[in-house]
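Chemist: Right, I'll just put the structure down here and ask away after.
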Amino acid sequence: MKNTFVKTALILGILFVCVLIAGSGTYYWQRAIAQENEAFLKHRIADLEQNNSELQHQIDELGQQLCKGIWKDGACTVLSCGDSDANEKPDDIHIKGIVTFTNEDGAITTIYDECNGSKTQVNEGWCYESPEGSGNYVPGSLVYDCPFGCFEGACNK
């Protein structure tokens, strides 16, 4: 019986050592696979970040090509302009008009037709396309003589 007990203890001891060795081998094998996967994922993320950067550059270039306005900081600002007395030609110099426009920074600005200091001319605001065919409308002004004087931004009739 003593001999059987020793044999059983010895067999159990050997089994325990085998389980320990197998378990640690499994651990190191799993750890190696995890490290390999981590390296692969880091490399894949770096590739995707590079692709994203290249795509963003291509998008910016295409945006600049298609932009009919001003391209600034990755955005297209189309310049717009409206003249309140534009449809009143040739009487527009007799109407105090307002020109409202979007500048290159995207801010909306308003200017008014105004008389010169001697009240003999009017500075008539208007809008024009620049460059032609671009869809960008910008403000301009022309000076007209007022034969009967100028009052509050309009020539007297």
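Chemist: Helix 2-66 against the longest principal axis of the chain: what's the angle in degrees, Cα atoms only, rounded to the nearest 10?
Modeler: That works out to roughly 10 degrees.
Chemist: Say the cut-off is 24 Å between C-alpha atoms; which of 119/157; 96/119; 72/96; 68/89 go over it? If you can, show how the numbers build up before the last one.
Modeler: On the way: 119/157 14 Å; 96/119 14 Å; 72/96 34 Å; 68/89 28 Å.
Over 24 Å Cα-Cα: 72/96; 68/89.
Chemist: Related question: The stretch 28-63 to the stretch 117-147: how many Å between their Cα centroids?
Modeler: 55 Å
Chemist: Could I ask something else about it? Can you give me the distance in nm between label points at residue 123 and residue 72, each placed 7 Å from the Cα along the Cα-to-Cβ direction?
Modeler: Going by the 7 Å Cα→Cβ label model, 2.2 nm.
Chemist: Suppose R0 equals 35 Å. What FRET efficiency, 1/(1 + (r/R0)^6) with r the Cβ-Cβ distance, do residue 62 and residue 42 give to the nearest 0.05? Spell out each step's value before the answer.
Modeler: Working: r = 31 Å, r/R0 = 0.88.
About 0.70, to the nearest 0.05.
Chemist: Using unit Cβ charges (K, R positive; D, E negative) and no other charged atoms, how large, in debye to the nearest 20, is the dipole of the chain about its Cα centre? Numbers along the way, then the final one.
Modeler: Numbers: 11 positive and 22 negative charges, 403 e Å.
So the dipole magnitude of the chain works out to roughly 1940 debye.
Chemist: Next question. Would you please give the residues with an amide H less than 5 Å from that of residue 95, counting only those at least 5 places away or on a separate chain, with H modeled from the backbone geometry?
Modeler: For residue 95, the qualifying residues are 155.
Chemist: Could you check the spin-label model distance between residue 116 and residue 134? Points 7 Å from the Cα along Cα→Cβ, value in nm.
Modeler: 2.9 nm
Chemist: Another question, then. Can you tell me the Rg and Dmax of the chain, counting just the alpha carbons, in angstroms?
Modeler: 40.4, 137
Chemist: In deg cm²/dmol, rounded to 500, what helix-only [θ] at 222 nm does the chain give when every DSSP H run of at least 4 residues adds -39500 (n - 2.57) and the total is split over its residues?
Modeler: On the way: 1 runs with 65 residues, N = 157.
Taking each H run of at least 4 residues, the total per residue is -15500 deg cm²/dmol.
Just so you know, all these numbers are worked out from the coordinates, no wet-lab data involved. Since the structure is predicted, the reported quantities are computational estimates derived from the model, not experimental observations. Backbone-built Cβ (ideal geometry, glycine too); neighbour counts: all protein chains shown.
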